[in-house]
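In what follows, a single structure is set out as structure tokens and then discussed.
Nothing in this text is a laboratory measurement; each read-out follows from the coordinates by a stated rule. Small disclaimer: the values here were computed from a predicted structure and weren't measured. Here Cβ is always computed from backbone atoms with ideal geometry, including for glycine, and neighbour counts include all displayed protein chains.
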Amino acid sequence: MRRRLIAGNWKMHKNSETARGFAEKFLKIYRVTPDLDVCIAAPFTELLALEEMFKGTDLFTAAQNMHYEDQGAFTGEISAPMLAEIGVDYVILGHSERRAYFAETDEVINKKVKKAFEWDMIPIICCGETLAQREQGLEGHIVRHQVVMALAGLPDELVSKAVIAYEPVWAIGTGRVATPQQAEDMCKVIRDVVRVYHGNAADDVKILYGGSVKPENAKEILDMEDIDGALVGGASLDPDDFLKIIKQAQL
Ligand code: PGA
């Protein structure tokens, strides 16, 4: 039985005041969730504050990106040891916005995945096809390729700890959610390709769906067999909405 994960992705939203306001309200309404994990991917500037506010709770923090070197002349970048030092637990890697706007390649994402594990952080590896690719029937091909490349060279025991988020680009921030069956079909494609390359790690790897997940549609998506949780963008900005989604994930 895989443990579920609900991950919020704030993207480039919230400042110290609004992040703190979120955490204060959320901590008041949130109750420990024995059967699933919850993390919030905040901007770098808010991670330390969230770490401190989440102390003594079962909530985890996540970064939205990082560099694959430990240190060096990489102006504007943040490294894995910097995140690990403040206690960050997860890191989102290869989000479609990073791929599209910052030209992240599968090779770079693979280096980052390895580096995250080296520093005991769990990578949340994003994959997903564009609308044009889906219209050409290429979604399976694209996503398999992204997953195989992201996990290349990793031992199976690390793959079994990884999180993979299937996020069709056409469903991100558009309000156009994949049907539960579309999401399940692609999460199954991912699990099958992990099995081909990494054997039984496929039974443990967590696969999330992301793309316009809201309190209204979360349950039917989370009920699908190969979907172990959700990566939630817009709806994670509001503590009430985020909590409603977490509740849908409770068994
Ligand atoms: P969304 O974003 O829930 O706002 O569609 C999801 C994501 O990009 O992770």
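In table form, for the structure just shown:
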| quantity | calculated |
| --- | --- |
| The chain: calculated mean residue ellipticity at 222 nm from DSSP helix runs of at least 4, using -39500 (n - 2.57) | -12500 deg cm²/dmol |
| Likely footprinting exposure, HIS145, HIS95, HIS198, fewest C-beta neighbours within 10 Å first | HIS145, HIS198, HIS95 |
| Pairs from LYS25/LYS114; LYS161/LYS247; LYS14/LYS214; LYS115/LYS219 whose Cα-Cα separation, in the structure shown, is over 29 Å | LYS25/LYS114; LYS115/LYS219 |
| Chymotrypsin sites (Phe, Trp or Tyr not before Pro) restricted to DSSP loop in the range 78-121 with at most 11 other C-beta within 10 Å | PHE102 |
| Local net charge near PRO215, Cβ-Cβ under 14 Å (Lys/Arg +1, Asp/Glu -1) | -1 |
| Net +/- balance of residues flanking VAL143 in space, Cβ distance below 14 Å, scoring K and R +1, D and E -1 | -3 |
| Lys, Arg +1 and Asp, Glu -1 on Cβ, resulting dipole of the range 4-250 about Cα centre, debye, nearest 20 | 380 |
| Cα-based shape type of the chain, given that a ≥ b ≥ c are square roots of the gyration tensor eigenvalues and the cut on a/c is 1.5 | rounded |
| Calculated from backbone phi, Karplus (6.51, -1.76, 1.60) coupling profile of the range 25-36 in Hz, x at Gly/Pro | 5, 4, 5, 6, 9, 7, 10, 3, 10, x, 9, 7 |
| Those trypsin sites (Lys or Arg not before Pro) in the range 10-53 that DSSP places in a loop and that have at most 16 other beta carbons within 10 Å | ARG31 |
